[in-house]
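J.: Sharing a structure with you now.
The values are calculated or read from the model by the stated rules, or taken from the named source; none is laboratory data. Since this is a predicted model, take the numbers as computed values, not measurements. Neighbour counts run over all protein chains shown; Cβ positions are idealised from the backbone, glycine included.
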């Protein structure tokens, strides 16, 4: 059976970067480029028209920033995964991106093969969260300690805590399933329940809480 293509939209105000990224991703027969945008507002419009699985957004663009565009896309097209692709390694930009629902935060000097893999993982609903990223999120993504439960992970089942622990280590759903001897679809169900119970918007926020509360 032919594998369903991951539909990708790329938004970057630099034409060379935009078209170069499209050429790189389009060369992979598992990906289909469905649109190119030069600013955040155009990215929103094309997302509504083309319904991509993944949107790659530059952080700093004219007319509307990547952060604003990400928030709008996630609100209007919640099934679309957004990956920020930027030169900025500032923690505030990382925090802001994840707060508005970005599934990942990528730096433009990453290896081309890693970018392809990141897009595929996001398209399959399984973005990888690096442990180093999770640890950087702690002070800014968790709620005020005075307002949160003593241990928000207490509401998780034993299996959900196991899944969260492995998620925070950067494992994919398939790898988590192999480690726990359960199916990938079961892992996805556990991950969904974890996000709902912890009231986190994505795996990155859940990983941040895991880094804070798990031994």
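J.: Need a quick list: helices (runs of 4 or more DSSP H) entirely within segment 154-215 having at least 3 residues that are under 15 Å from residue 124 (Cα atoms).
T.: 173-180, 184-198
J.: Considering only residues of segment 95-114 that are outside any loop (DSSP other than H, G, I, E, B) and in contact with a helix residue (DSSP H, G or I) (Cβ under 7 Å, 6 or more places away or on another chain), which is surrounded by the fewest Cβ atoms within 10 Å (Cβ to Cβ)?
T.: Going through the qualifying residues, I end up with 112.
Yes/no per residue for (1) at pLDDT 75 or above; (2) in contact with a helix residue (DSSP H, G or I) (Cβ under 8 Å, 6 or more places away or on another chain); (3) under 23 Å from residue 92 (Cα atoms); (4) surrounded by fewer than 17 Cβ atoms within 10 Å (Cβ to Cβ):
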| residue | (1), (2), (3), (4) |
| --- | --- |
| 140 | no, yes, yes, yes |
| 148 | no, no, yes, yes |
| 166 | yes, yes, no, no |
| 212 | no, yes, yes, no |
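J.: So residue 120 passes all but one of these: (1) buried (at least 16 other Cβ atoms within 10 Å of the Cβ); (2) over 29 Å from residue 25 (Cα atoms); (3) modelled with pLDDT of 90 or more. Which condition number does it fail?
T.: Looking at each condition in turn, residue 120 falls short on (2).
J.: Still on this structure: With the requirement that a residue be buried (at least 18 other Cβ atoms within 10 Å of the Cβ) and not in a loop (DSSP other than H, G, I, E, B), what does segment 76-92 give you?
T.: Those that are buried (at least 18 other Cβ atoms within 10 Å of the Cβ) and not in a loop (DSSP other than H, G, I, E, B): 81, 82, 83, 84, 85, 86.
So that you can scan it fast, the table gives a plain yes or no per residue for (1) in a helix (DSSP H, G or I); (2) surrounded by 21 or more Cβ atoms within 10 Å (Cβ to Cβ):
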site: 3; (1), (2): no, no
site: 29; (1), (2): no, no
site: 42; (1), (2): yes, no
site: 55; (1), (2): no, yes
site: 61; (1), (2): no, yes
site: 70; (1), (2): yes, yes
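J.: Another question about this same structure. Working carefully through the options 157, 185, find the one that is within 20 Å of the chain's Cα centre (by Cα), over 22 Å from residue 102 (Cβ atoms) and not assigned by TED's automatic domain parsing to the domain that holds residue 99.
T.: Matching residue, one of 157, 185: 185.
J.: Can you confirm whether residue 10 is at pLDDT 95 or above, surrounded by fewer than 22 Cβ atoms within 10 Å (Cβ to Cβ) and not in a helix (DSSP H, G or I)?
T.: The answer is no for residue 10.
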